[in-house]
Amino acid sequence: MSCLLSQTSLPSSAAISVCNFKPTHSLIAPHHLLLPRLLGLRPKIGFLGSVRGMATKMDSIQQNPEAISYLNQKEAAEIDEILMGPLGFSVDQLMELAGLSVAAAIAEVYRPSEYSRVLTICGPGNNGGDGLVAARHLYHFGYKPFICYPKRTAKPLYDGLVTQLESMSVPFLSLEDLPKDLSDSFDILVDAIFGFSFHGSPRPPFDDLIQRLVALKINGDTHQKSPAIISIDIPSGWHVEEGDLSGEGIKPDMLVSLTAPKLCAKRFSGSHHFLGGRFVPPSIRNKFNLQLPAYPGTSMCVRIGKPPKIDISSLRENYISPALLEEEVVADPFDQFQKWFDDAMAAGLKEPNAMALSTTGKDGKPSSRIVLLKGVDKDGFVWYTNYEGRKGQQIAENPHAALLFYWDDLNRQVRIEGPVQKVSDEESEQYFHSRPRGSQIGAIVSQQSTVIPGRHVLLDEYKQLEAKYSDGSVIPKPKYWGGYRLKPEMFEFWQGQKSRLHDRLCYILETVDGKTAWRIERLAP
């Protein structure tokens with residue numbers, strides 16, 4: 001796409017963006033390899049005699065950046081011309097795919113709970129358009145985007161992108177509005193200034209903006225989190241083939257190559273290199289002999305090379321949360337739990353009812369697993385399972401257990417301990433028949449925790465039962481399947497705080513003068 005722009009015009013990242021997007025891994029996966037992956041199956045050795053070899057080759061390409069194809073400027077421009085010529089792509093189609101790819105790559109690495117404030121610096125060409133599209137998608141992903149777009153392109157396509165962002169109240173910041181120190185106000189800086197067709201020296205105001213990005217990595221405070229810099233297709237100011245000629249250019253933390261990496265990407269030394277451009281058809285792959293990694297599942301991006309090695313001991317969060325104070329919690333822990341559970345639901349967390357269940361048998365060896373809460377009232381917390389599995393056996397030997405809810409995005413945990421007993425047969429029967437019929441059949445098929453020769457045993461029996469009850473008749477609940485109820489004797493509500501000074505409020509059930517009541521205690525973190 002950038003090849004359609006004047007070679008002297010400021011931005012040509014459009015070229016990149018248009019011909020480069022970021023999907024995930026269907027780019028070059030042959031149908032006989034991709035289909036089993038989509039179905040969650042592992043291809044067998046004899047599948048056309050080549051699937052395993054092809055899968056190994058794809059994995060090798062993804063892990064080894066040297067095995068991937070890199071484009072020079074002429075090849076990148078030629079691919080743009082083909083895409084927007086005989087292959088029928090429009091600029092806005094390519095830009096939409098490119099921006100979505102960039103947003104997907106950012107979301108892959110940088111969680112909005114930690115890196116919410118995103119400033120996208122857009123140039124006047126297609127690379128800037130990619131940045132505008134990415135910002136719109138990031139907004140829908142839960143980030144807080146800001147735009148700096150000092151030289152707007154007066155074309156309907158770009159006007160439309162600006163209108164879309166303004167309709168979502170995404171702030172557009174002028175050069176004068178930008179804070180002096182970008183690290184104080186933003187967690188992510190997206191470099192969407194120049195694309196692969198740009199050459200020469202950057203002119204104002206982009207020369208100064210590039211230097212501000214450069215300065216962040218030079219003057220970064222090692223005691224303060226520096227904003228992550230993400231460059232689209234090539235770092236702005238780099239030579240498209242030779243890279244950072246002066247050695248004083250932008251040093252991005254992430255590079256999102258589009259369509260195929262440009263030659264300068266071989267000199268990228270940041271932590272995260274992703275590829276987008278899942279729209280590349282076989283004719284282009286064959287014409288240019290492109291060797292590219294396969295995109296995983298339905299993803300719009302795929303990592304190039306291995307993820308950076310992380311020192312596990314250095315992984316830590318400095319939680320920022322409202323204080324959890326005694327005078328602000330509810331006197332009844334069941335009501336306090338319901339309040340926090342409602343908050344988790346309102347935050348859109350995935351499976352907020354997931355809880356770790358810990359049990360111990362007569363041998364004193366504990367075990368834990370995740371189960372789903374299916375009911376809670378003043379009588380206790382209810383879940384359903386196979387009574388003959390390991391947890392059922394342990395509960396029979398020691399009818400005391402512990403539950404743990406962890407709501408990451410809210411920096412909250414709830415621990416609950418108490419005795420356990422089975423719910424009534426009527427409750428179990430009622431819940432069993434409220435489940436999807438497939439889940440009912442699954443409960444019959446699974447002799448939980450027993451050793452089986454292979455997955456095919458489960459599938460074969462499932463198919464037999466599915467056929468047996470295909471007439472819609474009632475599926476009988478197994479006698480070995482039902483619910484448990486834990487009646488709490490202790491609750492602990494944990495709220496993460498700065499410097500590990502976490503809030504821990506514990507509710508203890510005690511009896512005074514023959515009456516039971518809950519006492520609240522604060523525990524040291």
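For this structure, a couple of remarks:
- Filter result (out of contact with any Cys (no Cβ under 9 Å at 6 or more places or on another chain), farther than 10 Å from Leu119 by Cα and open to solvent by 20 Å² or more (accessible area, probe 1.4 Å)) within region 164-182: Gln164, Glu166, Ser167, Met168, Ser169, Glu176, Pro179, Lys180, Asp181
- On the stretch given as region 403-449, residues that are assigned to a strand (DSSP E or B) and at pLDDT below 95 total 0.
- Residue tally, condition in contact with an Asp or Glu (Cβ under 9 Å, 6 or more places away or on another chain) and not in a loop (DSSP other than H, G, I, E, B), over region 301-325: 1
- Residues of region 361-395 that turn out to be more than 27 Å from Thr516 (Cα to Cα) and not in a loop (DSSP other than H, G, I, E, B), as a count: 15
- Only residues that are open to solvent by 30 Å² or more (accessible area, probe 1.4 Å) and within 14 Å of the chain's Cα centre (by Cα) were counted in region 108-136, giving 7.
- Selection of region 301-319 for residues being surrounded by fewer than 10 Cβ atoms within 10 Å (Cβ to Cβ) and of a type in the set (Lys, Arg) yields Lys309, Arg316.
- Extreme residue, farthest from Ser201 (Cα to Cα), among residues of region 227-247 that are without any contact (Cβ under 8 Å) to a residue 40 or more places away in the chain and charged (D, E, K, R): Glu242
- Out of Pro322, Pro282, one residue alone is out of contact with any Ser or Thr (no Cβ under 9 Å at 6 or more places or on another chain), exposed (fewer than 14 other Cβ atoms within 10 Å of the Cβ) and closer than 30 Å to Gly195 by Cβ. It is Pro282.
- Qualifying positions in region 411-455 - within 33 Å of the chain's Cα centre (by Cα) and among the charged types (D, E, K, R): Arg412, Arg415, Glu417, Arg435, Arg437, Arg455
- Considering only residues in region 333-358 that are in a loop (DSSP other than H, G, I, E, B) and open to solvent by 40 Å² or more (accessible area, probe 1.4 Å), the one that is modelled with the highest pLDDT turns out to be Glu351.
- Condition check for Ala524: in a loop (DSSP other than H, G, I, E, B), surrounded by fewer than 12 Cβ atoms within 10 Å (Cβ to Cβ), modelled with pLDDT of 95 or more and of a type in the set (A, V, I, L, M): yes
- The single residue among Pro261, Pro296, Pro333 that is out of contact with any Ser or Thr (no Cβ under 8 Å at 6 or more places or on another chain) and of a type outside the set (Lys, Arg) turns out to be Pro333.
- Of the strands (runs of 3 or more DSSP E) lying entirely inside region 99-201, those containing at least 2 residues that are farther than 23 Å from Gly277 by Cα and not aliphatic (A, V, I, L, M) span 144-148.
- Selection of region 240-274 for residues being basic (Lys, Arg) and farther than 18 Å from Ala67 by Cβ yields only Lys251.
- His433 falls short of the stated requirement of being without any contact (Cβ under 8 Å) to a residue 24 or more places away in the chain and over 30 Å from Trp518 (Cβ atoms).
- Test: Leu87 is within 14 Å of Gly277 (Cβ to Cβ), within 21 Å of the chain's Cα centre (by Cα) and open to solvent by 10 Å² or more (accessible area, probe 1.4 Å): no
The values are calculated or read from the model by the stated rules, or taken from the named source; none is laboratory data. Worth saying up front: this structure is predicted, and the values here are computed from it rather than measured. Please note: Cβ atoms are built from the backbone with ideal geometry, for glycine as well, and neighbour counts cover all protein chains shown. Surface areas here come from the heavy atoms of the whole protein model, side chains and all, with no ligands, DNA or RNA. Shrake-Rupley method; radii C 1.70, N 1.55, O 1.52, S 1.80 Å.
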